[in-house]
2 protein chains.
Amino acid sequence: MESEKRRGERLRRSGLKCTPRRKDVLRILEQNSQPVTAERIFMALKEEGTGISLSTVYRILEALAEKGLVLKISSAESDGALFVLNRRVHRHYMVCLGCHKMLPVDECPLGDLEKKLERETGFAVTGHRLEIYGYCRECQKARSKTNSH
Amino acid sequence: MESEKRRGERLRRSGLKCTPRRKDVLRILEQNSQPVTAERIFMALKEEGTGISLSTVYRILEALAEKGLVLKISSAESDGALFVLNRRVHRHYMVCLGCHKMLPVDECPLGDLEKKLERETGFAVTGHRLEIYGYCRECQKARSKTNSH
DNA sequence: GTAGATGCAAAGTCTTTGCATGTGT
DNA sequence: ACACATGCAAAGACTTTGCATCTAC
């Protein structure tokens, strides 16, 4: 399996030792297009019979985030941080406040604004975080039934 | 002092009982244009001699957030949630990764995108969260000195 | 008077850390 | 061989909860 090799190279290129646990965590992250918690990675590995300790998951995620391989985000809605593979494709999500589903958004309206801010304020922009909140179609229906008081 | 009265009305209009503690928390929030932690509110009140328990601060913030009087946000950079008064003016910040200063941004590029998404996906947008990360002028200088290895 | 607010202490989550052991290079 | 990764258990940080008492309405 060649994606396994890629993961190894990816780690080494970032200056990280290539260990089974690290490749495991990378693999789980690759399997999830949506941000996941450390706990979820831990459980996913446990379910597939691969043992790992939760603290190791945290330490690996920290190392990966430090090298920019994963992005750490945190939502006011859910306790606990979320981690997502830093695919080069820049992407934002619509987060449903009902079911917590995350729907990807293709566009990002930030480019022009960032350039303008750098020009006008001297602030050096390195990134941004955008989340759109609301209710998905299904939860809108569910709410219109429940809220009929 | 009339702003004290306003705080009372604000609470009652939102269907919350008007208590000294609640007005205290509102007052601290009004004094801070930047998002603050629960702990910081607790300390601010302690310093001015107004006693309050930390759990009460949390409960009040939860109630205020539920009614939409304050916004709860959480940053991947700092542990702990941040709370900020929901001034009607919609506002985003540039967050400095060096000193954690938050500089307000006047514009918000989300309006058109939100309308488009609602039209195309049926998702009902209720709000969004945008933060821009980078380094302020001062921290850029500091870093260019330190990183000269 | 009563529902709800508050304080205090205890419990709960999520995350980090210390230390002994194991492993990639 | 040696620096670094890992597991385990314990500690830590932040937040919530249970319960008795107090207070706004």
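The values are calculated or read from the model by the stated rules, or taken from the named source; none is laboratory data. Values in this document were obtained by computation on a predicted structure and should not be read as measured data. Don't worry about glycine lacking a Cβ; one is built from the backbone with ideal geometry, like all the others, and counts go over all protein chains shown.
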Out of all the residues in region B:67-74, is one or more within 16 Å of DNA strand C (Cβ to nearest atom), hydroxyl-bearing (Ser, Thr, Tyr) and in contact with a helix residue (DSSP H, G or I) (Cβ under 7 Å, 6 or more places away or on another chain)? no
Of those in region B:109-120 that are loosely packed, with under 15 Cβ neighbours inside 10 Å and of a type outside the set (Asp, Glu), the residue farthest from B:Leu130 (Cα to Cα) is B:Arg119
Given (1) assigned to a strand (DSSP E or B); (2) within 12 Å of DNA strand C (Cβ to nearest atom); (3) of a type outside the set (Ser, Thr, Tyr), B:Arg22 misses just (1)
Exercise. Of the residues that make up region B:85-107, is at least one within 11 Å of chain A (Cβ to nearest Cβ), touching a residue at least 12 places away in the same chain (Cβ under 8 Å), crowded, with 19+ Cβ neighbours inside 10 Å and within 16 Å of B:Val25 (Cα to Cα)?
Worked result: no
Flagged in region A:9-57 as at pLDDT below 90, over 17 Å from the mean Cα position of the chain (by Cα) and surrounded by 12 or more Cβ atoms within 10 Å (Cβ to Cβ), in numbering order, are A:Arg10, A:Ser14, A:Thr50
Taking region B:58-71 and keeping residues within 14 Å of chain A (Cβ to nearest Cβ), within 12 Å of DNA strand D (Cβ to nearest atom) and surrounded by fewer than 18 Cβ atoms within 10 Å (Cβ to Cβ) leaves B:Tyr58, B:Glu62, B:Ala65, B:Glu66
Reported set for region B:57-95 where residues are of a type in the set (Lys, Arg) and over 21 Å from B:Met43 (Cα atoms) is B:Lys67, B:Arg87, B:Arg88, B:Arg91
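Can you name every residue in region B:1-19 that is in a loop (DSSP other than H, G, I, E, B) and touching a Lys or Arg at 6+ places or on another chain (Cβ under 9 Å)?
B:Ser14, B:Gly15, B:Leu16, B:Cys18
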